[in-house]
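The structure appears right after this line, and notes come after that.
The values are calculated or read from the model by the stated rules, or taken from the named source; none is laboratory data. Source: prediction; values computed, not measured. With ideal geometry, Cβ positions are generated from the backbone for all residues, glycine too; neighbour counts draw on all protein chains shown.
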Amino acid sequence: SIYTELSTAFGRQGVQAMLIETVVPRLEDETNALLGRMTDNRMNVKLETQRERASGQGDPRETLEILVSDELGPRSYEMYSGGEAFRVNLALRIALSRVLAQRIGAPLPTLFIDEGFGTQDAVGRERILDVISAIGNDFEKVLVITHLEDLKEAFPVRIEVQKDESGSTFVIS
């Protein structure tokens, strides 16, 4: 009976299911809070962990579906523009980092954002800068890597890397 209990506890419907059931709603909430700030509450995500089987018979199958909606309703992730997809990705990644750090009781001192701004129009870039500014206090350091001149000027401290035929150099400004 002990082995049966352990098998249940560590099986698909045991501890891992319990963890998923507690973490996924927090991840969804964190993501939507960030995404709402980035899109004036026009976009949101819903995370589904189970899907009915195509046959309609048997238990639902385990999955992780990320359903994205905007003012037009839900549509396939692939149907969103590069800028919209970037915002969803950024919100999900920051939210996942926050939830994982909270779960293990670790600080999340640094946020790295590497490129991706090229898919944004001017308004989208401005919103992302607003989000970075708004969540900046949540981190000791926010490091943004970009080649876009107008974004470089948005940050008071920069490490600018220049590459020429003799190698790379950097200047802190």
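Values computed for the structure shown
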read-out	value
Close pairs from region 140-160: first on the phi < 0 side of the Ramachandran plot, partner modelled with pLDDT of 90 or more and acidic (Asp, Glu), Cβ under 9 Å, at least 6 apart	LYS152/GLU160
Residue that is surrounded by 11 or more Cβ atoms within 10 Å (Cβ to Cβ), in contact (Cβ under 8 Å) with a residue 60 or more places away in the chain and more than 18 Å from VAL99 (Cβ to Cβ), where the choices are THR8, THR39	THR39
Residue match in region 112-127 (condition: in a loop (DSSP other than H, G, I, E, B), of a type outside the set (D, E, K, R), closer than 30 Å to MET18 by Cα and in contact with a helix residue (DSSP H, G or I) (Cβ under 7 Å, 6 or more places away or on another chain))	no
Matching entry among GLU115, GLU149, GLU126, GLU84 (being of a type in the set (D, E, K, R) and surrounded by fewer than 12 Cβ atoms within 10 Å (Cβ to Cβ))	GLU149
In region 33-74, the residues that are within 18 Å of ASN89 (Cβ to Cβ), in contact with a strand residue (DSSP E or B) (Cβ under 9 Å, 6 or more places away or on another chain) and either small (Gly, Ala, Ser) or not in a strand (DSSP E or B) (or both)	LEU35, GLY36, THR39, ARG42, MET43, SER69
Which numbered condition SER168 misses (of (1) over 17 Å from the mean Cα position of the chain (by Cα); (2) under 23 Å from ALA85 (Cβ atoms); (3) not in a loop (DSSP other than H, G, I, E, B))	(2)
